[in-house]
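A.B. asks: Okay, handing you the structure first.
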Amino acid sequence: MPPVLVALLLSAAVDPCAPVTPVAGGSASLAEAYRRVGDDEKARGALDTAAEAYRRALEQDPSNARAREALQALCRAPSFDAFQEGVRRMRAGELDAALSAFAAVRAAGPSPPADLLSGICLYRKGDFDSAVPLLRSAEADPSLRDSARLYLGMVALREGEGARATRLLEELNRNPALGGVAMELSRLANLESRLLFSVLGEVGYDSNGAVAPDGTVVPAGGSDAIFGLSALGLFRPTGPAGFFLRATLQLAERARFDQFNFAGAGASLGWRWGPSVPTLALEAGTDYQVLGGQPYLWLHHLLVSGLLTLGPVTFGASYALQYQYFRLDPLGDQNGLLQLGEVSGSVPVGPWLVASLGFRVGFDSAQVPPLSYFQHGPRIDLQLLPLYWFRVGLRGALWWRSYSAVDPSFGFARSDTTVDVLTWVEFVLGTEWTIRVAGGMFRSSSNVEELNYTSWTLTAGVSWTVGIL
């Protein structure tokens, strides 16, 4: 795009047909350059940019007859008035009126700018099928290609065409004006692919790897190093909406306390109604876990979740029914159903901060009444997104748990309170790679003294996520 045209597009909007005020010390050669830009823009149907170029030419040289005659001809043209009316209506949010005005412009002759703005209006109305041909037409114009591809990528993203959206959006990273938003959208498109793989590798430190009660002296200290690996595969043959199949794998090795080495694998299938908000999802699955090299827990779950937007607030709700089958003999009394429910609301606070507040309840009906409990508590999340490649998050959760019956081992019913705080920083490296550094604190307070403990953790990891289809 010519530098002169860039200056025009970045200039403040004025009435193109208003009287022209010459600038002091104007340049006839610069006026002629503006006039040529105006001719080029007029030839491709960009009447608003052409009019502004002719105005700039006359500001530099009021005697430039060709620029004056061209501007006067534009101002008399019905299609020019229609284009300006379309722009005004579009800025006012009157999309149907804007589409009618742009249709009048296109009826008078080819106009890639009118095609682009019509396609954007249709995108905002959610009429993607009608928007795509107009955006394709605008894409053929080199000066409009990046803007058209941005919206074509957004259409592909909304329709679940993750791989196609990624290809379109990644081409825009070179554009300094669109690179940031294109990168963020291409990451979203990658996540919405039909076949998605993600791998996360982590190393970390746990101040209480031995899970020792507070105040207990553990020989050689209780801290431990953690090495973790997790993987996820997600298959959605029809895109974000419809049937999905998910598989997960988790490994966590301890440097010292190998009795806490963990391995788990799971699979689930489900159906999602709606590719974006509002949405409703139903899922069923199973997970098998190994602790310290021995079979530990087998879980079967059913999950229902949904999202709904009302104004600026996005509301969420979920309910999970989970059967827990402990494989270790000493834990068999804890077998039973665990029910978990949550409601939440999230809202943007300013341009970079998103806040979410939720409340959770749970009921564990273990085989032995003293091990059954009811729990409830709030959760808060804050996400700071100052740059597309840099994110900061904070999460805090509180559980109050009361057990159903007196435990003969203690002579009273157990009662616990847990506090879980996590903060993290993420650095986004392109579409597929993310570096994450996190620190957390977990505190358990119980009326059983030996069950009080505190743990501080610090982890650093790298994740790779790629969409294939």
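The values are calculated or read from the model by the stated rules, or taken from the named source; none is laboratory data. Quantities reported herein were computed from a predicted structural model and do not represent experimental measurements. Because the Cβ atoms are built from the backbone with ideal geometry, glycine has one as well, and the counts that use them run over all protein chains shown.
A.B. asks: Mind checking which residues of segment 285-303 are surrounded by fewer than 16 Cβ atoms within 10 Å (Cβ to Cβ) and under 25 Å from Ser365 (Cα atoms)?
C.D. replies: Across segment 285-303, the qualifying residues are Thr286, Gln294, Pro295, Trp298, His300, Leu302.
A.B. asks: Could you grab me the full set of residues in segment 411-433 that are more than 26 Å from Leu340 (Cβ to Cβ) and assigned to a loop (DSSP other than H, G, I, E, B)?
C.D. replies: Gly411, Gly430, Thr431, Glu432
A.B. asks: Looking for whichever is among the aromatic types (Phe, Trp, Tyr), farther than 29 Å from Gly239 by Cβ and touching a strand residue (DSSP E or B) at 6+ places or on another chain (Cβ under 6 Å) here; the options are Trp464, Trp456. Which one fits?
C.D. replies: Within the list Trp464, Trp456, the selection yields Trp456.
A.B. asks: Of the residues in segment 59-77, how many are of a type in the set (A, V, I, L, M, F, W, C) and at pLDDT 85 or above?
C.D. replies: Within segment 59-77, residues that are of a type in the set (A, V, I, L, M, F, W, C) and at pLDDT 85 or above number 1.
A.B. asks: If a residue must be modelled with pLDDT of 85 or more, surrounded by fewer than 18 Cβ atoms within 10 Å (Cβ to Cβ) and under 16 Å from Val87 (Cβ atoms), how many such residues does segment 105-143 contain?
C.D. replies: Going through segment 105-143 one residue at a time, the tally reaches 0.
A.B. asks: Which one of Arg436, Arg401, Arg414, Arg391 is modelled with pLDDT of 95 or more, buried (at least 16 other Cβ atoms within 10 Å of the Cβ) and either charged (D, E, K, R) or not assigned by TED's automatic domain parsing to the domain that holds Phe315 (or both)?
C.D. replies: The conditions single out Arg401.
A.B. asks: Take Leu458 and tell me if it is surrounded by fewer than 17 Cβ atoms within 10 Å (Cβ to Cβ) and without any contact (Cβ under 8 Å) to a residue 60 or more places away in the chain.
C.D. replies: Here the answer is no, as Leu458 does not meet what is asked.
A.B. asks: Working carefully through the options Gln294, Gln324, find the one that is out of contact with any strand residue (DSSP E or B) (no Cβ under 9 Å at 6 or more places or on another chain) and over 22 Å from Phe243 (Cβ atoms).
C.D. replies: On inspection, the qualifying residue turns out to be Gln294.
A.B. asks: Here are some residues: Pro351, Pro330, Pro370. Which one is more than 27 Å from Leu297 (Cα to Cα) and outside any strand (DSSP E or B)?
C.D. replies: Pro351
A.B. asks: Hey, any hits in segment 379-400 for a residue that's part of a strand (DSSP E or B) and β-branched (Val, Ile, Thr)?
C.D. replies: yes
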